[in-house]
1. Is there a residue in the range 66-85 that is touching a strand residue (DSSP E or B) at 6+ places or on another chain (Cβ under 7 Å) and of a type in the set (Gly, Ala, Ser)?
2. Is the range 73-87 home to any residue that is on the phi > 0 side of the Ramachandran plot, modelled with pLDDT of 95 or more and away from ligand 3 (no atom under 16 Å from the Cβ)?
3. Could you look through the range 23-72, keep only residues that are within 16 Å of ligand 3 (Cβ to nearest atom) and of a type outside the set (Gly, Ala, Ser), and pick out the one that is nearest to Asp184 (Cα to Cα)?
4. Looking only at the range 68-78, filter to residues that are near ligand 2 (Cβ under 7 Å from one of its atoms) and not aliphatic (A, V, I, L, M); which one of those is farthest from Val167 (Cα to Cα)?
5. So, in the range 134-182, how many residues would count as being under 13 Å from Ala68 (Cβ atoms), in contact (Cβ under 8 Å) with a residue 24 or more places away in the chain and aliphatic (A, V, I, L, M)?
6. Step by step: first the residues of the range 47-65, then only those that are surrounded by fewer than 16 Cβ atoms within 10 Å (Cβ to Cβ) and within 23 Å of Leu25 (Cβ to Cβ), then the one that is farthest from ligand 2 (Cβ to nearest atom). Which residue is that?
Amino acid sequence: MFLTLPALLLLAAAPPAPAPPGPGLFISPMGEPFRSPAGQGEALGAWIAGADTDKDGALSRPEVEADAARFYATLDVDKNGEIDPAELTRYESEVAPEIQLGRQMGNVLGIGRRRGGDKGWGKDGRRSEWERATGGYDEGLEGAGRYSFLNIPEPVISADLDLNRGVSRAEFVQTAGQRFLMLDKNRDGRLTRGELPPLPQPRTRSVPLKHENRPHPS
Ligand SMILES: [Ca+2]
Ligand SMILES: [Ca+2]
Ligand SMILES: [Ca+2]
């Protein structure tokens, strides 16, 4: 292959493209990422289809717990019945790195402290900084909460019920049951797709931030 000098310069100048979370990422209540180039709805459908083992079109609590146990087995790499700090790091950096990006950048940029005060973020440069940090999602939505039904930034470590900095299989399955109850709004023991809340959607440039409507002081 022969590349002209301008083409080579272009390649050299191109920054490494970070894998964009994109519209096709869904993170299950227990933190398992599902990705689909066809979009978030397809990714969500893949989670439901996989967990709905009796194929009745709804998820029962035992189905959700069994699905959590299946995912747990993939996280407990050394199979000792405990997700230890190294396995947690693997989850956050390799299995679902998207949950970390916004949180790290948000911390660096002080997003968490900006709640209620968005001064200075309307100028184009600052706006792109804001978009990079938050992915365009509302403040208050962090990590996995941007791609899931429940606003839980790190769904795996937050299953550490006894706070020993590890997650046992029993803790993980118990937490899955608790999260099922949080989503089963009508308490019929079945989770249907229509019952699930809408997933968070990022704001885009076509949707102005609140303060962009305000007159600028001259
Ligand atoms: Ca079912
Ligand atoms: Ca382990
Ligand atoms: Ca624990």
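The values are calculated or read from the model by the stated rules, or taken from the named source; none is laboratory data. As the structure is a prediction and not an experimental result, all values here were calculated from the model. Using ideal geometry, Cβ is built from the backbone for each residue, glycine included, and neighbour counts are taken over all protein chains shown.
1. The answer is yes; a qualifying residue exists.
2. The answer is yes, given that some residue of the range 73-87 is on the phi > 0 side of the Ramachandran plot, modelled with pLDDT of 95 or more and away from ligand 3 (no atom under 16 Å from the Cβ).
3. Per the stated criteria, the residue is Met30.
4. Just the residues of the range 68-78 that are near ligand 2 (Cβ under 7 Å from one of its atoms), to begin with: 76-78.
Still in the running and not aliphatic (A, V, I, L, M): 76, 78.
On the way: Asp76: 9, Asp78: 13 Å.
Top of the filtered list is Asp78.
5. Looking only at that region, the number is 5.
6. This residue is Ala49.
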